[in-house]
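Participant: Have a look at this one before I ask anything.
The values are calculated or read from the model by the stated rules, or taken from the named source; none is laboratory data. Small disclaimer: the values here were computed from a predicted structure and weren't measured. Counting neighbours? That spans all protein chains shown, and the Cβs are built from the backbone with ideal geometry, glycine included.
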């Protein structure tokens, strides 16, 4: 009986050890967006002849990245709508009204990835759900780069992430426009998005003391 109990204990310990290793491999390492060194930019056609560009500065989120398998990464991000800037105060104020983002009612937009698959050459396709203006729609981002980790001046680990994509603002209920006398509209429907993010490795939680 004692021998059987010892064998059982060894098997249980081995099983839990294997599960712990599998968990570490499956979930990878956690990385936080560093808003001071990140940008989310967009551009949209104006009067069918030029581009208006803008950005958001209030960015936060978490990435979970498998070091040897980028296709296994997961990402969640939140953007504060009130941080929108196109370098024109009047236009920025208009963007925050119910004509566009309706920032008072919908102060944030969120993105949560669902799958990441290998694309052309060294790029990946990140699919996920974007919630904006109270509407959730699937979107696809082309991931151009996920850099290898490096140490910063303080000894912490950093890595870069860059991606791009496009959405149709009509899909999210941002339908304001003005028909031009010469034909066409004042604001294009397609919005092109560029993300350049710096990620810092999240500190590991200290083990909880045993009770």
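Participant: Looking at (1) out of contact with any strand residue (DSSP E or B) (no Cβ under 6 Å at 6 or more places or on another chain); (2) farther than 30 Å from residue 46 by Cβ; (3) in contact (Cβ under 8 Å) with a residue 24 or more places away in the chain, can you tell me which one residue 113 breaks?
Facilitator: (1)
Participant: Only one of these is at pLDDT below 95 and either closer than 18 Å to residue 78 by Cα or surrounded by 12 or more Cβ atoms within 10 Å (Cβ to Cβ) (or both): 198, 181, 205, 190. Name it. Break it down stepwise before answering.
Facilitator: Values: 198 fails: at pLDDT below 95; 181 fails: either closer than 18 Å to residue 78 by Cα or surrounded by 12 or more Cβ atoms within 10 Å (Cβ to Cβ) (or both); 205 fails: either closer than 18 Å to residue 78 by Cα or surrounded by 12 or more Cβ atoms within 10 Å (Cβ to Cβ) (or both).
The conditions single out 190.
Participant: Of everything in the range 157-178, what is farther than 23 Å from residue 111 by Cβ and touching a strand residue (DSSP E or B) at 6+ places or on another chain (Cβ under 6 Å)? Give them in sequence order.
Facilitator: Result: 157, 177.
Participant: Could I ask something else about it? Working only within the range 42-63, note down all residues that are surrounded by fewer than 17 Cβ atoms within 10 Å (Cβ to Cβ) and farther than 14 Å from residue 185 by Cβ.
Facilitator: 51, 53, 55, 57, 58, 60, 62
Participant: State yes or no: is residue 103 touching a helix residue (DSSP H, G or I) at 6+ places or on another chain (Cβ under 6 Å), surrounded by 14 or more Cβ atoms within 10 Å (Cβ to Cβ) and either at pLDDT below 95 or not in a helix (DSSP H, G or I) (or both)?
Facilitator: Working: touching a helix residue (DSSP H, G or I) at 6+ places or on another chain (Cβ under 6 Å): yes; surrounded by 14 or more Cβ atoms within 10 Å (Cβ to Cβ): yes; either at pLDDT below 95 or not in a helix (DSSP H, G or I) (or both): yes.
So residue 103 fits the description; yes.
Participant: Cβ-Cβ under 6 Å, sequence separation 6+ or interchain: first residue in the range 136-154 and surrounded by 15 or more Cβ atoms within 10 Å (Cβ to Cβ), partner assigned to a strand (DSSP E or B) and at pLDDT below 90. Which pairs?
Facilitator: Final answer for the pair search is 146/70.
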